Structure formats: structure tokens, C-alpha cells
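What follows is one structure encoded as C-alpha cells, with my remarks underneath.
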């Protein structure tokens with residue numbers, strides 16, 4: 001049996017805000033939250049507002065570049081042909097449907113930080129505070145950050161509020177349940193495939209399994225500093241043997257506001273479910289399980305490609 005166990009650690013946070021006026025958050029609002037966060041991070045970090053991040057001499061020290069641009073470390077052995085790497089954050093909020101928050105009401109952002117990104121939590125908290133000052137939505141409704149907590153398997157742990165110092169987070173892997181014989185993968189937010197010719201009725205499950213495995217592997221390498229010890233050729237051959245039980249995917253277009261570009265952007269992805277067998281494919285189970293927090297596909301850091309696993 002192939003042996004490849006992921007060692008990626010990450011933390012899940014909740015940033016709780018109080019709205020000053022009535023705030024309407026659209027269906028699937030994580031891209032909106034991330035857009036304002038990116039603008040706030042840029043304003044607090046960048047010392048050369050009109051500079052190209054790819055050519056900036058401080059790109060490997062800058063919080064904005066680290067979280068939003070993902071410059072490839074010069075000493076990295078992986079992804080040598082590209083200049084950027086997978087981003088270390090994923091917006092992962094509890095609210096996925098439309099919501100209306102009254103003045104004085106609270107709402108929260110969910111955020112995942114991988115490995116070394118957790119060391120930059122103070123910068124993230126400052127950017128979250130500033131994002132509330134910038135405001136959310138077309139009407140720029142302002143909000144005040146009042147609390148930051150870490151989500152742990154046994155509950156939430158307070159890390160920061162307005163009265164105290166920032167506490168260190170705890171990096172612990174989520175407990176891995178036994179692998180089921182069959183599973184349903186349910187996309188909760190639109191999945192944006194990297195393959196432009198993707199068709200749901202011709203879904204290649206092996207490619208989906210490899211996409212999850214590679215994402216975990218790359219995040220582990222770049223933000224934990226340790227490569228996944230695995231024979232990827234053999235893993236790919238095993239993935240090709242995977243068996244689909246049923247597919248119920250449908251196209252969904254989401255309109256997201258880009259704070260940087262100052263206009264609405266449309267993304268077309270897929271929602272729905274994929275049922276498949278895990279018989280003789282148990283090696284993919286740890287990667288699939290972690291992927292529920294890490295998402296898959298393009299624009300994953302903005303909240304796209306979030307899925308939930310259900311036993312069949």
C-alpha cells in the first residue's frame with residue numbers, strides 16, 4: 001500500500017464584528033470580505049503604493065505580498081517555473097446565504113491560516129480592524145472588530161478582544177475519522193476548475209483527487225517547510241482507478257465586487273454533489289478530509305471550492 005501521510009497544520013479563526021448600520025451580506029459573501037481585507041492589508045503594509053509587487057525588493061517581507069500575491073521563495077525547490085505559490089489563507093465563513101445584520105448586530109468572518117501564516121496573526125488582526133473601518137458592501141457599511149477566536153475541535157478559544165493582548169494560537173490537526181467505503185462530496189460554494197474545458201458530465205475523479213492531494217502537498221511545503229514524502233506517479237495511477245457512483249453538478253454564476261478594480265466580477269463555477277467509492281482508495285481520505293478547510297480549484301483563498309464530505 002502506498003504510504004503518504006500529510007503533516008499540514010493550520011488554524012481556523014473567527015473574527016467577530018459589530019455593525020454600525022444595517023448591513024446586507026449577499027449570498028456567498030466571502031469574496032466580498034476578502035476583497036476588503038486585501039485592500040486594508042495593502043494600505044497598512046505597502047510603502048510604495050504604485051509599485052509592482054513582483055519587482056518590489058521587500059516582497060518576501062511584506063504582509064500584503066505574503067497573503068495576497070504569494071511570491072515564490074527564491075530558495076524553494078518546488079514550482080520553479082512560476083513566480084507565485086498557493087496563498088496561505090482561505091476565507092471560510094459560516095454564513096453562506098444572504099444575511100441582514102441590524103445596527104449593533106454581530107457577524108463574523110471565518111479564516112483559515114496555514115502553518116507559518118499563523119505567526120502573522122497580529123498583522124491579520126490589524127487588517128481586519130481596518131477592513132471594518134473601510135466598510136462592507138456597496139454602501140460601505142462600517143463595522144467594529146470586537147473579538148478574535150480560534151475554532152478548535154472542542155470549541156472556541158478567545159485569542160483577542162479590545163481589552164487584552166493577542167494570545168498564541170494552537171496548531172493541532174483536526175481528528176481524522178475512519179475512512180468510509182463511499183463518500184459524497186458536496187460543493188457548498190462554487191467550484192472553479194483549473195481546466196477551462198471542464199464538463200461535469202465528464203468529470204475525471206482521478207484529477208479531482210490529485211487536485212486535493214497537490215493542494216495539501218504544496219501548502220505543507222511552502223508553509224510548513226516539509227515536502228510530502230510520496231511517489232506522486234504511483235498516487236496518480238491509483239487516483240485513475242477511482243470509481244464514480246453518481247454526479248449531480250450544475251453551473252452557477254456568482255457576481256463579486258472587486259474593491260481593487262472598483263467593479264463587479266462574474267465567476268462561473270459548479271455546485272452540487274459527487275458520489276464516489278473509497279474502496280482501495282483510502283490513501284486519499286486524509287487529503288480529502290483536510291480539503292474541507294482548504295477548498296479546491298481556482299480562487300480558493302476567496303472562499304470558492306468549499307466542500308463538505310458526507311458518508312454514503
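The values are calculated or read from the model by the stated rules, or taken from the named source; none is laboratory data. Treat the numbers as computed from the prediction; the structure is a model and nothing was measured. Note that we place each Cβ from the backbone using ideal geometry, even for glycine, and neighbour counts take in every protein chain shown.
You will find that of 5, 18, the residue that is more than 19 Å from residue 306 (Cα to Cα) and either modelled with pLDDT of 95 or more or not in a loop (DSSP other than H, G, I, E, B) (or both) is 18 and no other. Residues that are within 20 Å of residue 285 (Cα to Cα) and touching a helix residue (DSSP H, G or I) at 6+ places or on another chain (Cβ under 7 Å) were ranked within the stretch 188-225; the one that is surrounded by the fewest Cβ atoms within 10 Å (Cβ to Cβ) is 206.
Taking the criterion of being modelled with pLDDT of 95 or more and under 18 Å from residue 288 (Cα atoms), the residues of the stretch 215-243 that qualify are 215, 216, 217, 218, 219, 220, 221. Looking only at the stretch 301-312, residues that are surrounded by 21 or more Cβ atoms within 10 Å (Cβ to Cβ) and over 16 Å from residue 207 (Cβ atoms) come to 5 in all.
Kindly check whether there is at least one residue in the stretch 212-225 that is in contact with a strand residue (DSSP E or B) (Cβ under 7 Å, 6 or more places away or on another chain), more than 26 Å from residue 26 (Cβ to Cβ) and assigned to a loop (DSSP other than H, G, I, E, B). There is no residue in the stretch 212-225 that is in contact with a strand residue (DSSP E or B) (Cβ under 7 Å, 6 or more places away or on another chain), more than 26 Å from residue 26 (Cβ to Cβ) and assigned to a loop (DSSP other than H, G, I, E, B).
Picking from 263, 236, 279, which residue would you name as being without any contact (Cβ under 8 Å) to a residue 12 or more places away in the chain and not assigned by TED's automatic domain parsing to the domain that holds residue 76?
263
Considering the stretch 78-106, and only residues there that are more than 23 Å from residue 40 (Cβ to Cβ) and without any contact (Cβ under 8 Å) to a residue 24 or more places away in the chain, the residue that is surrounded by the fewest Cβ atoms within 10 Å (Cβ to Cβ) turns out to be 81. Do we have any residue at all in the stretch 257-274 that's modelled with pLDDT under 95, over 16 Å from the mean Cα position of the chain (by Cα) and part of a helix (DSSP H, G or I)? Scanning the stretch 257-274 turns up no residue that is modelled with pLDDT under 95, over 16 Å from the mean Cα position of the chain (by Cα) and part of a helix (DSSP H, G or I). Set side by side, the residues 64, 37 differ, and just one is closer than 28 Å to residue 220 by Cβ, in contact (Cβ under 8 Å) with a residue 60 or more places away in the chain and assigned to a helix (DSSP H, G or I), which is 37.
Looking only at residues in the stretch 156-170 that are assigned to a loop (DSSP other than H, G, I, E, B) and touching a strand residue (DSSP E or B) at 6+ places or on another chain (Cβ under 6 Å), the one that is farthest from residue 312 (Cα to Cα) is 166. Among the residues examined, residue 127 qualifies as within 30 Å of residue 60 (Cα to Cα) and surrounded by 15 or more Cβ atoms within 10 Å (Cβ to Cβ). Every listed requirement among (1) under 29 Å from residue 209 (Cβ atoms); (2) more than 23 Å from the chain's Cα centre (by Cα) is met by residue 4 save one, (2).
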